[in-house]
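J.: Submitted below is the structure of interest, expressed as structure tokens.
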Amino acid sequence: MIILQTLPNYSLFLLKSKRMNMEQLNKEYAQRISNKKKNLQKLKKRIFGVSMARTLLFISICLSFYYLWQNKSLLSTTISLEALLFILFIKAHNKLFKQKKETELLIQINQRELEAINGDLKNFDKGDEFIDHTHFYSFDLDVFGENSLFQLINRTSTKIGKIKLANWLNNHLIKSEQILKRQESIKEITPLLQLRQSFQLIGLSNEEQLTELDLLQWIQPSKLKKERLLKITPYLVATINMLLLIFAILQITPISIGVIFFVFSIVLNTILVRQIKAKLEDNTKGLLTLSTYTSLFMLLEEHKFESELNKELINSCYQKEKRPSRQLNKIINLSDNIKQRNNLFIALLFNGLFLWEFHLSLKIEQWKKEHITSLPKWIESLSQFDALISLANFAYNHPTYTYPNIVTEEYTLCGQDLGHPLMLKKECVTNPISMNSRGTFLIITGANMAGKSTYLRTIGLNYLLACIGTTVYAKKFNISPSQLITSLRTSDSLMENESYFFAELKRLKVIIDLLNKGNNLFIILDEILKGTNSIDKLKGSTALIEQLIHKETNGLIATHDIQLTELEHRYPKKITNFCFESTINNGEINFDYQLKQGVVKNMNAYFLMRKMGILNKR
């Protein structure tokens, strides 16, 4: 059982975090690693001591047989005591070995966090299976894949939690009350470092977990014919075996009859087990997965949550006032029993005596019937907690980040010192954003490599973080949530015989269709209509922006078309021009990556081509 230490509430944590910098965070994780390593060394010494004691005790048992063989009464007493001690040493060794594995895993958890806050994400899941080139924003914003937002955030330890977190990232919240509710949940979990790492420890200790789909298929019970008769069969066989044993001892019947019935029972057990849909080996992963869920619920039930969402997640799993861990508790015993199947001697003995495998299978099937409606609630609750722990861990690892203010009365998207979450703070240049009414757009111009694309992704990623309920890389961020949609990285599709230009048109068609259906959108576009000539491009881009303004949507547009910035004069309350500049001094190009109001004045394509030797210098 993992004991949770007394932990500060969020308000106290907030005061502490404001004083905490990355150096202090590094020290905290390094200290935890150091403490766990000291514990590991102590455990290794104790394991060695117990192993030596077992070896000496085994030698003692052998010597007892040798020297006390003639004195049977003394031999039996001595061997009994030594055997009892040997069993106790085995149990102590197993317990210590389990603690050793847990300590090693905790060292790994903290070591990876230390690496992550210093920009090394290689040991975390990239979520490649969730990459979708057609998604509204995830592909454009590097939400999944190498060095992605998912790799930065994901600390889930269950398969259901990983899928839940990916689903949250792919389908961000739009309703303000839901975002605020999740914010409160994350705020409560953020200071609970011990609980979060204990949750990870339990989940990561079982690598053979089933997915939600597999679990829901597994828990479907078999439909048995003559079920009542089958239920009493193991007890009937056990009674007959007991009577035959007594009759053999009393010499009423020959022992051969008992042996024949014993063999018959083993065969009968095999026949009956085949009537059940799920074999014991098929049940193993299901039982072990639910055994893991039991430990996770026991951990969560030890803490008294105060936030509305966290209380709802736990309370939704109660059945007839029974805690979820109590409902799942039988699974631990069934799981422990099923492991004995690996011992062939025990399996044959128990099957012959009382149809052990069949009896165990019936118990599993009965448990499935009783809890088939509860399983979806357990999955939903634990998957959300697992995802919430990841978001809380993200907030904990970025103490200078802030929770966005969710504004509902009027439209706003205003932020100070916004930075790219996937860039180290010491390397990241921060910038503002300001929109205070619907139907407004920022047109961003700038030289090549000056920071336009990074700025678009900075806004997009922080917008996404705000809408999933966690902290954002900003000094301040006020947001009125809408559906995020981007077009930054459209590409040709040879599989669908689709050109780059047509792929972009399809994305723009999606945007217009959503707006026509009444959806509120926040749109980020990079270089509209890149696949056509400049005159046609300007005409189409101008018409598109005017249509977006008339549909009262908001967004950012980056472009190299300086003529497009003239729309600010036509729509002064709807369009504002911003730019990223570059300067050339002494034959070198310099960028400050700072957003400035107005239209870019300096371009650098010709200079860079000459600098790289593409064009001849004159």
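The values are calculated or read from the model by the stated rules, or taken from the named source; none is laboratory data. The shown structure was predicted, so the numbers you read here are calculated from the model rather than taken from an experiment. When we count neighbours, we look across all protein chains shown, and the Cβ atoms used for this are built from the backbone with ideal geometry, even at glycine. Accessible surface is based on the protein model in full, side chains and every heavy atom, while ligands, DNA and RNA are left aside. Shrake-Rupley method; radii C 1.70, N 1.55, O 1.52, S 1.80 Å.
J.: Quick one: is ILE252 buried (at least 21 other Cβ atoms within 10 Å of the Cβ) and among the aliphatic types (A, V, I, L, M)?
T.: No.
J.: Among (1) over 24 Å from SER176 (Cβ atoms); (2) surrounded by 23 or more Cβ atoms within 10 Å (Cβ to Cβ); (3) in contact with a His (Cβ under 9 Å, 6 or more places away or on another chain), there is one condition ASN462 misses while meeting the rest; what is its number?
T.: All conditions pass for ASN462, except number (1).
J.: Further question on the same structure: Filter region 180-208 for residues that are part of a helix (DSSP H, G or I) and of a type in the set (Val, Ile, Thr); which is farthest from GLN99 (Cα to Cα)?
T.: Narrowing region 180-208 to residues part of a helix (DSSP H, G or I): 180-189, 193-204.
Still in the list and also of a type in the set (Val, Ile, Thr): 186, 189, 202.
Working: ILE186: 29, ILE189: 25, ILE202: 12 Å.
Result: ILE186.
J.: Taking the condition more than 30 Å from PHE199 (Cα to Cα), assigned to a helix (DSSP H, G or I) and open to solvent by 60 Å² or more (accessible area, probe 1.4 Å), does LEU243 pass? Reasoning before the result, please.
T.: On the way: more than 30 Å from PHE199 (Cα to Cα): yes; assigned to a helix (DSSP H, G or I): yes; open to solvent by 60 Å² or more (accessible area, probe 1.4 Å): yes.
Yes, satisfied.
J.: Right, next: Just checking, does region 222-244 include any residue being touching a helix residue (DSSP H, G or I) at 6+ places or on another chain (Cβ under 8 Å), under 30 Å from LYS159 (Cα atoms) and not charged (D, E, K, R)?
T.: Checked against the condition, which is being touching a helix residue (DSSP H, G or I) at 6+ places or on another chain (Cβ under 8 Å), under 30 Å from LYS159 (Cα atoms) and not charged (D, E, K, R), region 222-244 yields at least one hit.
J.: Moving to a separate point now. Determine which single condition ASN519 fails, assuming it passes every other condition in (1) under 25 Å from GLY451 (Cα atoms); (2) touching a strand residue (DSSP E or B) at 6+ places or on another chain (Cβ under 6 Å).
T.: If we test ASN519 against (1) under 25 Å from GLY451 (Cα atoms); (2) touching a strand residue (DSSP E or B) at 6+ places or on another chain (Cβ under 6 Å), just (1) comes out false.
J.: Would you point out the residue of region 603-618, among those that are under 30 Å from PHE441 (Cα atoms) and open to solvent by 70 Å² or more (accessible area, probe 1.4 Å), that is modelled with the highest pLDDT?
T.: So the first thing to find is which residues in region 603-618 are under 30 Å from PHE441 (Cα atoms), and the list is 603-606.
Imposing the further condition that a residue be open to solvent by 70 Å² or more (accessible area, probe 1.4 Å) reduces the set to 603, 606.
On the way: MET603: 63, TYR606: 48.
Within region 603-618, the match that is modelled with the highest pLDDT is MET603.
J.: Taking into account only those residues within region 508-539 that are part of a helix (DSSP H, G or I) and modelled with pLDDT under 90, which is most open to solvent (accessible area, probe 1.4 Å)? Step through it out loud before you land on a result.
T.: Taking region 508-539 as the starting set, the residues that turn out to be part of a helix (DSSP H, G or I) are 508-516, 534-539.
The next check asks that each one be modelled with pLDDT under 90; those that pass are 534-538.
Numbers: SER534: 81, ILE535: 134, ASP536: 76, LYS537: 25, LEU538: 38 Å².
Looking at the filtered set, the residue picked out is ILE535.
J.: List the pairs whose first member sits in region 510-524 and is free of Cβ contacts under 8 Å to residues at least 12 places away in the same chain and over 19 Å from GLY460 (Cα atoms), whose second member is surrounded by fewer than 18 Cβ atoms within 10 Å (Cβ to Cβ) and of a type in the set (Lys, Arg), and whose Cβ atoms are under 7 Å apart, counting only residues at least 6 apart or on separate chains?
T.: From region 510-524, no pairs qualify.
J.: Scan region 341-392 residue by residue and report those that are under 20 Å from LEU213 (Cβ atoms), open to solvent by less than 60 Å² (accessible area, probe 1.4 Å) and among the hydroxyl-bearing types (Ser, Thr, Tyr).
T.: SER374, SER381, SER383
J.: Can you run down the residue pairs with Cβ atoms below 7 Å, 6 or more apart or on separate chains, where the first is in region 210-222 and among the hydrophobic types (A, V, I, L, M, F, W, C) and the partner is outside any helix (DSSP H, G or I)?
T.: The qualifying pairs are TRP218/LEU210; TRP218/ALA278; ILE219/ILE372.
J.: Just for region 545-558: of the residues that are within 37 Å of the chain's Cα centre (by Cα) and in a loop (DSSP other than H, G, I, E, B), which one is farthest from CYS579 (Cα to Cα)?
T.: GLU552
J.: Pairs needed: first member in region 52-65, free of Cβ contacts under 8 Å to residues at least 60 places away in the same chain; second member anywhere, open to solvent by 70 Å² or more (accessible area, probe 1.4 Å) and among the hydrophobic types (A, V, I, L, M, F, W, C); C-beta distance under 8 Å; at least 6 residues apart or different chains.
T.: Filtered contacts from region 52-65: LEU57/LEU85.
J.: Tell me, yes or no, whether region 290-304 has at least one residue that is in contact (Cβ under 8 Å) with a residue 60 or more places away in the chain, part of a helix (DSSP H, G or I), open to solvent by 40 Å² or more (accessible area, probe 1.4 Å) and more than 22 Å from SER198 (Cβ to Cβ).
T.: The answer is no; no qualifying residue exists.
J.: Right, LYS181: crowded, with 20+ Cβ neighbours inside 10 Å and touching a residue at least 60 places away in the same chain (Cβ under 8 Å) or not?
T.: The answer is no for LYS181.
J.: Quick test for you: out of PHE58, PHE48, PHE139, PHE150, pick the one residue that is at negative phi and not in a helix (DSSP H, G or I).
T.: That would be PHE139, the only listed residue that is at negative phi and not in a helix (DSSP H, G or I).
J.: Oh, and also: Can you tell me which condition PHE502 does not meet? The list is (1) within 29 Å of GLN563 (Cα to Cα); (2) modelled with pLDDT of 90 or more; (3) open to solvent by 50 Å² or more (accessible area, probe 1.4 Å), and all the others hold.
T.: Unmet for PHE502, out of (1) within 29 Å of GLN563 (Cα to Cα); (2) modelled with pLDDT of 90 or more; (3) open to solvent by 50 Å² or more (accessible area, probe 1.4 Å): (2).
J.: Checking LEU121 against (1) assigned to a loop (DSSP other than H, G, I, E, B); (2) crowded, with 18+ Cβ neighbours inside 10 Å; (3) modelled with pLDDT of 95 or more; (4) out of contact with any Lys or Arg (no Cβ under 7 Å at 6 or more places or on another chain), only one condition comes out false. Which one?
T.: (3)
J.: Moving on. Any idea how many residues of region 386-406 are part of a strand (DSSP E or B) and of a type outside the set (A, V, I, L, M)?
T.: Taking region 386-406 and keeping what is part of a strand (DSSP E or B), we get 402, 405-406.
Restricting the remaining residues to those that are of a type outside the set (A, V, I, L, M) gives 402, 405.
Total meeting the criteria: 2.
J.: Could I ask something else about it? Yes or no: region 71-86 includes at least one residue that is acidic (Asp, Glu) and either at pLDDT 95 or above or under 18 Å from GLY203 (Cβ atoms) (or both). It would help to see each step written out before you state the result.
T.: Step one: filter region 71-86 for residues acidic (Asp, Glu), giving 82.
Those still in the list that are either at pLDDT 95 or above or under 18 Å from GLY203 (Cβ atoms) (or both) too: none.
So far as region 71-86 goes, no, none of its residues is acidic (Asp, Glu) and either at pLDDT 95 or above or under 18 Å from GLY203 (Cβ atoms) (or both).
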